[in-house]
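Nothing in this text is a laboratory measurement; each read-out follows from the coordinates by a stated rule. All of these numbers come straight from a predicted model, not from anything done at the bench. Cβ atoms come from the backbone with ideal geometry, glycine included; neighbour counts cover every protein chain shown.
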Amino acid sequence: MVMNNRIIWIVMMIQLYCSVAFTQKQILPKPNKHQLAWHEMEFYLFVHFGPNTFTGLEWGHGDEAEAIFNPTQLDCNQWARTAKASGAKGIIITAKHHDGFCLWPSQYSKHTVRESIWKNGQGDVLKELSEACKSHGLKFGVYISPWDRNHPEYGTPKYNDIYINTMKEIFDRYSPIWELWWDGANGEGPNGKKQVYDFALFEREMRKISRSTVIFSDIGPDIRWIGNERGIVGDPNWNYLDTTGFKRGHGAPHVDTLNHGNYNGRHWIPGECDVSIRPGWFYHKEEDDRVKSAEQLFNLYLKSVGRGANLLLNVPPDPRGLIHTTDSTALIQFKKLIDQSFAQNLLQTSMVKMDGDRKTRAAFLNYSSFLQKAKRVNSNMPTLRFELKKEAFINCLVLQETIIDGQFIRSFKVELYHSGVLIKTVEGSSIGRKRILTFPGEQVDQVKIICSGTSDQLNLQNVAAYHIAEQLLEKK
Ligand code: FUL
């Protein structure tokens, strides 16, 4: 009898242990509040502007006469209006590119707008753009190249302090600044020497200057480069990255690792896809007929935002200081394609069953109560079953994970049915902040989604289905 009680007790303890282990959510790296807000930005513009706009170069030598910088009709409000009309949520500008020319009158350089003839040396592009962004409700960000082919101290330890002072100056004058871009390029300066950047010091100082600014470099600390300048993040894309033993600039992980992230990486460092609307980063007249079309931009959107990354699209102003109409027309049409494509969620009127969910006990829910529950449903990653009110042609699905506590979903399967018959299966691994799946369309009356991962909580914040125009389906 005593023996039996002991066995029963042991069995109960094992059961208790298993159920606790099973329902426990694994602790994963997660975004901080600034990174979370950054994820919501999705798409914003990059602006490369400076002496290169006038010389036709991509990398200025640093010895260009300041007088060449003379935009005759510079209008940062036009840039901001274009950004707004394209659906972009912010603008990041090359405050200083590798040629060292400062688009603001810096006290740490003699190669600035102050030395140019533009507005008799009284102009300040950063001032104009930060104000235009504010008045159009856009976030403002800066690219400050550590590589400086003009500064006389470049290549000496003193330059690291000058670089820090430069950052401080910009943040003092033009805040709030939501994103700071550290380019890893490290070439020779005017004295033929390369700088040994003290990125650890830059980072410590920047955290003191502005804790709310997210910092981009090839390996973070907050946002990583995705390993190419074509705007395409890998599939799968994990928001995790291992940085131990790696360095910014030369010494970063392999581009393939940056492209996909690390499945079990130790830090939350999501990817940002930088790409230009034109072949070059700076404006060149001869590229006016090589501006990406709205369809090409949409395709890039699928391969960046649609894979859980953010899209940083470069739109370089011309020597007048204006965004060319070819570029702005493509951007406006791109926005139209996005609006049209995602206007009608075909699951909106469906009834949803979460098979295996202990709380709802597999009852049918309407779509909006499903969305409420899916964020915090506590069960073993239930199978979601969407019964459509009316059959529909579906060629696109949007899945969004609740990433506040990390990226838990490690694989998923979508099954499309018609009259009880399985007609298509779409599989993948990462979801993250947003996953847009496109596929040759089918007439469908039921959609099933099965996820699995490192938590037994589903943590989905959105599941939606669309019929987008055939020519927009993701091309390889
Ligand atoms: C690179 C630079 O060398 C290019 O000129 C451009 O600014 C691009 C965004 O980053 O590293």
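Note on region 78-181: percent of Cα-Cα distances in each 10 Å bin, starting at 0 and stopping at the bin with the largest distance, equals 15, 46, 31, 8, 1. In this simple spin-label approximation, Ala37 and Thr156 carry label points 7 Å from Cα along the Cα→Cβ vector, and these lie 3.9 nm apart. In plain terms, the C-alpha convex hull of region 258-416 casts an average shadow of 12.3 nm² when viewed from every direction. Rounded to 0.05, the FRET efficiency of the Glu442 and Ile27 pair, given R0 = 45 Å and the Cβ-Cβ distance, is 0.70. With both residues required to sit in the chain, DSSP beta bridges show an antiparallel share near 60%. The convex hull around the C-alpha trace of region 262-354, projected and averaged over every direction, spans 9.3 square nanometres. Translational diffusion of region 196-306, estimated by Stokes-Einstein from the Kirkwood radius over alpha carbon pairs at 4 °C in a medium of 1.567 mPa s, is 84 µm² per second. Taking only alpha carbon atoms, region 14-139 gives an Rg to Rh ratio of 1.28, where Rh is the Kirkwood radius. The convex hull around the C-alpha trace of region 130-228, projected and averaged over every direction, spans 6.9 square nanometres. Under a 5 Å amide H cut-off, with hydrogens placed 1.01 Å from N, Gly453 pairs with Arg410 among residues at least 5 apart or on other chains. Scanning the chain for GluC sites (Glu not before Pro) that sit in a DSSP loop and have at most 13 other Cβ atoms within 10 Å, the longest stretch containing none of them is 230-476.
For Asp339, Asp456, Asp242, the sequence from fewest to most other C-beta atoms within 10 Å is Asp339, Asp242, Asp456. A simple charge model with +1 on the Cβ of Lys and Arg, -1 on the Cβ of Asp and Glu and nothing else charged puts the dipole of region 364-423 at about 120 debye relative to its Cα centre.
Footprinting exposure proxy ranking of Thr402, Thr244, fewest other C-beta atoms within 10 angstrom first, gives Thr244, Thr402. Eigen-decomposition of the gyration tensor built on the alpha-carbon atoms of region 248-302 gives equivalent ellipsoid semi-axes of 30, 15, 8 angstrom, largest listed first.
Compactness ratio for region 181-222: Cα radius of gyration over 2.2 N^0.38 Å (N = residue count) comes to 1.33.
Calculation over all alpha carbon pairs of the chain in 20 angstrom steps from 0 returns a P(r) of 23, 49, 23, 5, 1 percent.
Remark: for residue pairs Lys168/Lys292; Lys84/Lys375; Lys89/Lys292, the C-alpha separation exceeds 28 Å in Lys168/Lys292; Lys84/Lys375. Over region 339-473, the hull volume per residue, using the convex hull of the C-alpha atoms, is 98 Å³.
Put in order of Cβ neighbour count within 10 Å, fewest first, the listed residues Ile215, Ile93 become Ile215, Ile93. The aspartates and glutamates within cross-link reach of Lys139, meaning a Cα-to-Cα straight distance under 14 Å and a gap of 8 or more places when in the same chain, are Glu40, Glu42, Glu128, Glu131, Glu179.
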